[in-house]
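Everything on this sheet refers to the single structure shown next.
The values are calculated or read from the model by the stated rules, or taken from the named source; none is laboratory data. Given the structure is predicted, the values throughout are model-derived calculations rather than measurements. Positions of Cβ are generated from backbone atoms using ideal geometry, with glycine treated the same way; all protein chains shown enter the neighbour counts. Remember, those area values only see protein heavy atoms, side chains included, never the ligands or the DNA or RNA. Shrake-Rupley method; radii C 1.70, N 1.55, O 1.52, S 1.80 Å.
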Amino acid sequence: MADNFKQTLTLGDAQKLTGPRAFNIMMKPAGSLCNLDCAYCYYLDKAEIYGGREPRMSLEMLEQVVRDYIAANDVPEVQFVWHGGEPLVMGLDFYRRAVAFQQKYAGGKKVHNSLQTNGTLITREWARFFKENDFLLGVSIDGPQDIHDKFRKDKGGAPSFGRVLHGIELLYAEGVPFNTMSTVNSCCEGRGLEVYHFLKGIGSHYMQFMPVVEHVKYPLVNGRENRKGRPWIVDPDTPGASLARWSVSDVGFGRFMCDIFDEWVRQDVGEYFVNLFDAALAGWCGVRPGLCVYGETCGDNASLEHNGDLYPCDHFVYPKYLLGNIAEKGIAEMMDSEAMVQFGIAKRTGLPRACRACEWLHLCHGECPKHRFNRTESGETGLNALCGGYRKFFAHSAPYMEKMRELLEQDLAPALVMSWARARR
């Protein structure tokens with residue numbers, strides 16, 4: 001029987017297609033170039049697409065990117081997200097020029113900048129620049145030293161923890177606001193509360209937790225796998241692919257988030273913010289979450305390479321997904337293209353029947369398509385590998401989320417849930 005769901009367009013799709021154009025692009029001026037060699041980094045392998053060279057965006061390309069990106073957004077505020085690789089390898093003068101171009105082409109729009117960094121290259125000069133130009137920093141740090149250094153080493157195999165902390169200290173000293181980005185990997189399982197306490201201790205009030213589930217394939221040498229070198233991170237369907245050793249289990253991820261939630265909901269609501277908790281509350285309230293992974297569709301967060309190549313998402317930087325190059329096509333044209341529209345809608349239409357009937361669909365929406373490589377009990381493809389963990393978290397947090405929704409409906413602060421939560425113990 002044909003599944004008509006897969007050809008369905010919703011009112012939300014129609015509004016998105018006909019409304020004012022608003023989207024984000026993750027700017028990667030240095031492509032995959034980085035001074036670290038994190039084991040689980042899915043982006044380092046992208047260098048192969050560009051011949052393995054060390055890419056850097058030219059100033060001519062930078063000016064075109066800034067001009068066209070601002071013009072393509074039909075909204076009064078535009079967000080630039082600088083990412084990598086490691087974006088600081090471009091040098092401070094590059095970002096000074098970027099800010100100058102933004103001022104030149106703003107056209108009355110308000111421009112914001114955020115930058116995701118591994119923190120190891122931050123100097124006092126960098127920190128002062130970020131402060132003077134209102135940059136919001138995201139710093140990648142996985143937790144206490146043994147967790148962080150397990151998979152986040154430099155090209156020579158040396159640990160990076162101390163250098164990251166030094167970078168954070170410089171940001172703090174100059175008053176630069178920063179968030180933390182932490183992977184949830186196999187080394188983190190059972191240590192959620194410990195990681196949470198650590199991040200609070202270094203001054204993070206906005207925490208992003210990103211589960212890591214990857215498949216790898218080792219290069220062949222004389223017909224045999226060479227497991228001494230760095231494996232390639234590959235599509236799960238690749239012949240010979242196996243689950244990476246750093247991948248978190250679904251139940252391990254769910255427990256990790258539940259352990260953090262139990263303290264947060266009793267002690268920290270309104271003072272500390274966690275991406276999954278914010279997104280879940282948005283889902284309970286029927287509003288769009290601030291994270292694309294929990295949205296109904298994709299297509300609002302593209303990725304721009306150093307040479308102007310535009311992809312629909314930085315998790316799908318593969319030749320078959322290339323939308324085009326801004327030297328040949330306008331950004332607006334590519335973002336409005338049929339390829340981009342279909343990529344976005346496929347997040348919803350690709351859901352297996354089991355997901356569409358799930359009580360937690362309004363909170364999860366199948367999460368990120370990059371994790372949808374398992375099969376349902378009936379044999380359908382497209383089940384998220386972290387499904388069990390998400391179900392555990394959503395069920396565990398449900399009473400508290402419902403209470404916070406009730407408070408919001410009464411125009412009261414969600415933080416009032418804390419006394420209620422403590423009384424439930």
Pull up region 26-37, narrow it to residues that are hydrophobic (A, V, I, L, M, F, W, C) and open to solvent by less than 10 Å² (accessible area, probe 1.4 Å), then point me to the one that is farthest from residue 95 (Cα to Cα).
-> 36
Could you tell me which of the residues 271, 305 is out of contact with any helix residue (DSSP H, G or I) (no Cβ under 7 Å at 6 or more places or on another chain), at pLDDT 95 or above and open to solvent by less than 20 Å² (accessible area, probe 1.4 Å)?
-> 305
How about region 103-125: which of its residues are hydrophobic (A, V, I, L, M, F, W, C) and open to solvent by 20 Å² or more (accessible area, probe 1.4 Å)?
-> 111, 121
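The rows are residues; the columns are (1) within 27 Å of residue 233 (Cβ to Cβ); (2) under 20 Å from the mean Cα position of the chain (by Cα).
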| position | (1), (2) |
| --- | --- |
| 311 | yes, yes |
| 318 | yes, yes |
| 331 | no, no |
| 335 | yes, yes |
| 342 | yes, no |
| 346 | yes, yes |
| 353 | no, no |
| 371 | yes, yes |
Do the conditions hold for residue 153, that is, is it open to solvent by 30 Å² or more (accessible area, probe 1.4 Å), of a type outside the set (Phe, Trp, Tyr) and under 30 Å from residue 389 (Cα atoms)?
-> yes
Expected output for region 286-298 (first residue under 26 Å from residue 338 (Cβ atoms), partner buried (at least 18 other Cβ atoms within 10 Å of the Cβ) and among the β-branched types (Val, Ile, Thr), Cβ below 6 Å, 6+ apart or cross-chain) is 297/345
Going by the conditions given, is residue 317 at pLDDT 95 or above, open to solvent by less than 30 Å² (accessible area, probe 1.4 Å), aliphatic (A, V, I, L, M) and in a loop (DSSP other than H, G, I, E, B)?
-> no
In region 373-400, which residues are part of a loop (DSSP other than H, G, I, E, B) and aromatic (Phe, Trp, Tyr)?
-> 373
Whichever residue in region 329-360 is in contact with a Leu (Cβ under 7 Å, 6 or more places away or on another chain) and part of a loop (DSSP other than H, G, I, E, B) and, among such residues, is surrounded by the most Cβ atoms within 10 Å (Cβ to Cβ) | 352
Could you please let me know if residue 93 is at pLDDT below 95 and out of contact with any His (no Cβ under 8 Å at 6 or more places or on another chain)?
-> no
Members of region 184-208 found to be within 27 Å of residue 373 (Cβ to Cβ) and either surrounded by 23 or more Cβ atoms within 10 Å (Cβ to Cβ) or touching a Pro at 6+ places or on another chain (Cβ under 6 Å) (or both), listed by number = 184, 185, 188, 192, 195
Can you tell me which residues in region 209-232 are within 20 Å of the chain's Cα centre (by Cα) and surrounded by fewer than 19 Cβ atoms within 10 Å (Cβ to Cβ)?
-> 210
Some residue of region 247-266 being open to solvent by 30 Å² or more (accessible area, probe 1.4 Å) and under 16 Å from residue 39 (Cβ atoms) | no
Out of (1) in contact with a strand residue (DSSP E or B) (Cβ under 6 Å, 6 or more places away or on another chain); (2) touching a residue at least 40 places away in the same chain (Cβ under 8 Å); (3) of a type in the set (A, V, I, L, M), what's the single condition that is false for residue 115?
-> (2)
Test set (1) assigned to a helix (DSSP H, G or I); (2) out of contact with any helix residue (DSSP H, G or I) (no Cβ under 6 Å at 6 or more places or on another chain); (3) open to solvent by 20 Å² or more (accessible area, probe 1.4 Å) - residue 164 fails condition number | (3)
Determine whether region 321-334 contains at least one residue that is within 19 Å of residue 372 (Cβ to Cβ) and in contact with a helix residue (DSSP H, G or I) (Cβ under 8 Å, 6 or more places away or on another chain).
-> yes
Just checking, how many residues over region 376-402 are farther than 15 Å from residue 258 by Cα, touching a residue at least 12 places away in the same chain (Cβ under 8 Å) and surrounded by fewer than 17 Cβ atoms within 10 Å (Cβ to Cβ)?
-> 6
Kindly provide the set of residues from region 172-201 that are more than 22 Å from residue 41 (Cβ to Cβ) and in contact (Cβ under 8 Å) with a residue 24 or more places away in the chain, ordered by number.
-> 172, 173, 174, 175, 176, 177, 190, 192, 193, 194, 196, 200
